[in-house]
Amino acid sequence: MSSKSNLSISDHLLKGDGIIPYLLEHTKGGEFQSSYPDSVIIHYTAGGSAESSARHLRNKDVKASAHLVIGRAGEIYQIVPFNYQAWHAGKSKYGSRVGYNKFSIGIELDNAGVLTKAGTEYVSWFGKKYQQNDVLQARHRNEQDLKYWHLYTPEQIAACERVVKLLIENYGIKEILGHEEIAPGRKQDPGPAFPLDRFRNRLLFEDRADDETPLKGKNYKVTASQLNIREGAGGQFKKVAQPLKKGSEVTILEEKDGWCKVKTTITGWVSKGHLDI
């Protein structure tokens, strides 16, 4: 897409250059209840192209869907209107909230996901080959091992940011999460090639910094049944003690990229999404 200055939302649909209506004839989920959606979930398609992924999700016999698919040139396929639920989250939980289809807009980014190195090339699960300049070697936030990941394009990330800004303005979006965060262990998307922490911090927090009360020095309770406490801000860091139990009270010392450094009987880092903030 060359320009998105004219991008808008009307009747729960995107309007503007580069928008490709690909709507389902019959939506797979019902309408959102009042006050929802309030979240955005970022995914990758793990498919060969944006058009093929959109066509797949549009198929009435496929038990999955998403609101949008964003291609590598920034083109956007809209499959489900924003006032209807889509089947993108599956079994999902974050903090005390369960079943994110009921609360969120699902955005799929055309990306092959995890790649396997084969000589000087990198191969997707569906057999497509990629060159080194399309690949990032990195460790997933929920894993220990380094893997190869298909890079997103700047045009794709920019288009996603423009869309999410509009969703914030029109629907009061309060959370931006990766599928990997609401279904850890089951899903890896959008993976480390997508700058998820910087993306959401820029859209949700930086513009509101002067209006929000800092978390530092305040006490909060653990909402998960068990919450790992780690050496650093990320799932790749070692656990420093037994998990904190639900209802445990912690004091926040620092906040970074969706994680909080907390003090209880010990000091360590925990995922912000599992505190009653």
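The values are calculated or read from the model by the stated rules, or taken from the named source; none is laboratory data. For clarity, every value in this text was computed on a predicted model and none was experimentally measured. Reconstructed Cβ throughout: ideal geometry from the backbone, glycine too, with neighbour counts over all protein chains shown.
Here are the numbers for the structure shown:
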| read-out | value |
| --- | --- |
| Count - residues of segment 24-83 that are within 18 Å of the chain's Cα centre (by Cα) and polar (S, T, N, Q) | 5 |
| Test: residue 203 is under 16 Å from the mean Cα position of the chain (by Cα), closer than 27 Å to residue 14 by Cα, assigned to a helix (DSSP H, G or I) and modelled with pLDDT under 95 | yes |
| Single unsatisfied condition, residue 20 versus (1) hydrophobic (A, V, I, L, M, F, W, C); (2) more than 17 Å from the chain's Cα centre (by Cα); (3) part of a loop (DSSP other than H, G, I, E, B) | (3) |
| Unique residue being within 30 Å of residue 223 (Cα to Cα) and in contact (Cβ under 8 Å) with a residue 12 or more places away in the chain when the list is 46, 73, 50, 64 | 64 |
| Answer residue from segment 259-277, given it is of a type in the set (A, V, I, L, M, F, W, C) and more than 20 Å from the chain's Cα centre (by Cα) and is modelled with the lowest pLDDT among those | 266 |
| Segments classed as strands (runs of 3 or more DSSP E), wholly inside segment 227-277, with at least 3 members that are over 26 Å from residue 188 (Cα atoms) | 249-256 |
| Positions within segment 1-45 being touching a Gly at 6+ places or on another chain (Cβ under 8 Å), among the aromatic types (Phe, Trp, Tyr) and at pLDDT below 95, in sequence order | none |
| Scope segment 107-158; condition farther than 16 Å from residue 195 by Cα, surrounded by fewer than 16 Cβ atoms within 10 Å (Cβ to Cβ) and without any contact (Cβ under 8 Å) to a residue 24 or more places away in the chain; matching residues | 118, 119, 120, 121, 127, 129, 131, 132, 133, 145, 146 |
